[in-house]
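The values are calculated or read from the model by the stated rules, or taken from the named source; none is laboratory data. Quantities reported herein were computed from a predicted structural model and do not represent experimental measurements. Using ideal geometry, Cβ is built from the backbone for each residue, glycine included, and neighbour counts are taken over all protein chains shown.
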Amino acid sequence: MIKTIKLEKLLFFALMILAVILAIVFVHGSEISGNTFSYGTGREEMPTLVIDAGHGGEDGGAVSLSGVLESTINLDIALKMAALADLTGIKYSMTRDSAEIIYPDSAKSTAKRKVYDQKHRADIINKTSNAILISIHQNYFGHAAVNGPQAFYTKKDGSELLAKLIQSTMNNNLCPGSRRVAAPVSQSIFLFKSVSCPAALIECGFISNPKESQLLNTEDYKRKISVLLMSAYMQYLSADDNRST
């Protein structure tokens, strides 16, 4: 049994690596391109991808039709992205890697704990040298028919290109025919007002939509999203104008 489990894990990781390579090489329909450049052979020369699993702790976010917290889905996708980064040699960090968040004793209310969490995340990101932020979320809308991914970007240089690549990659592979385009993020979102690096927020799907809610409960679909996000990030690293868009 132990050998079987190890073999299955090795096969799973091998397939994930192959999926990233194929996604980069064969992702179809993207109209965004650029000449490539190299960061050199040193890992320290690479930017650091900051993977932010939205919500967490006392802040569960929205709730899917099947009762799953948005924060749980976000974390599942974030951990899969981290596994891919480990396997492909991409430098990364995470704002959280578990469902629990440790709050200070001074944060005595839920509201204060949420504020602490957002400030703590912003501090982590801003202290990360050469950071690039991807924040993972799920959407919710009162009309159940609304579906599809939506990417947002900040005013920081590079953010718009990153969000456009995410949106294009997600549209083409998850929601063909979608006319959604990357859009500026709301200035009311504290985290995105507070960070100084290129940053994109991705609403991976609508957990208020029956089909997407069901898909987002499956490991295969969350794995596919993680591959697509890493593919978009790697396309971003290879774009020669990613520091000025």
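When Leu174 is tested against (1) crowded, with 24+ Cβ neighbours inside 10 Å; (2) without any contact (Cβ under 8 Å) to a residue 60 or more places away in the chain, only condition (1) is not met. Give me the residue from segment 60-72 that is of a type outside the set (Gly, Ala, Ser) and within 10 Å of Ile207 (Cα to Cα) and, out of that set, nearest to the chain's Cα centre (by Cα). Of everything passing the filter in segment 60-72, Glu70 is nearest to the chain's Cα centre (by Cα).
Being of a type in the set (A, V, I, L, M) and either farther than 24 Å from Asn126 by Cβ or assigned to a loop (DSSP other than H, G, I, E, B) (or both) is the filter; apply it to segment 186-233 and report the residue that is modelled with the lowest pLDDT. By that ranking, first place goes to Ile189. Within segment 93-109, does at least one residue satisfy the condition of being part of a helix (DSSP H, G or I) and either surrounded by fewer than 18 Cβ atoms within 10 Å (Cβ to Cβ) or out of contact with any helix residue (DSSP H, G or I) (no Cβ under 9 Å at 6 or more places or on another chain) (or both)? Looking through segment 93-109, none of the residues is part of a helix (DSSP H, G or I) and either surrounded by fewer than 18 Cβ atoms within 10 Å (Cβ to Cβ) or out of contact with any helix residue (DSSP H, G or I) (no Cβ under 9 Å at 6 or more places or on another chain) (or both).
Table: residues versus (1) among the β-branched types (Val, Ile, Thr); (2) over 24 Å from Leu69 (Cα atoms).
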| residue | (1), (2) |
| --- | --- |
| Thr110 | yes, no |
| Val115 | yes, no |
| Gln118 | no, no |
| Asn130 | no, yes |
| Ala151 | no, no |
| Ser159 | no, yes |
| Ala163 | no, yes |
| Ser168 | no, yes |
| Asn173 | no, yes |
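Within segment 130-163, the set of residues being assigned to a loop (DSSP other than H, G, I, E, B), at pLDDT 95 or above, farther than 14 Å from Glu203 by Cα and small (Gly, Ala, Ser) comprises just one member, Gly158.
Of all residues in segment 198-225 being touching a strand residue (DSSP E or B) at 6+ places or on another chain (Cβ under 7 Å) and of a type in the set (Gly, Ala, Ser), which is surrounded by the most Cβ atoms within 10 Å (Cβ to Cβ)? Within segment 198-225, the match that is surrounded by the most Cβ atoms within 10 Å (Cβ to Cβ) is Ala200.
In the set (1) farther than 30 Å from Asp105 by Cα; (2) of a type in the set (Val, Ile, Thr); (3) in a helix (DSSP H, G or I), Ile125 fails one condition alone, (1). For segment 152-181, which positions are more than 13 Å from the chain's Cα centre (by Cα), over 19 Å from Val227 (Cβ atoms) and hydrophobic (A, V, I, L, M, F, W, C)? Selection gives Leu161, Val181.
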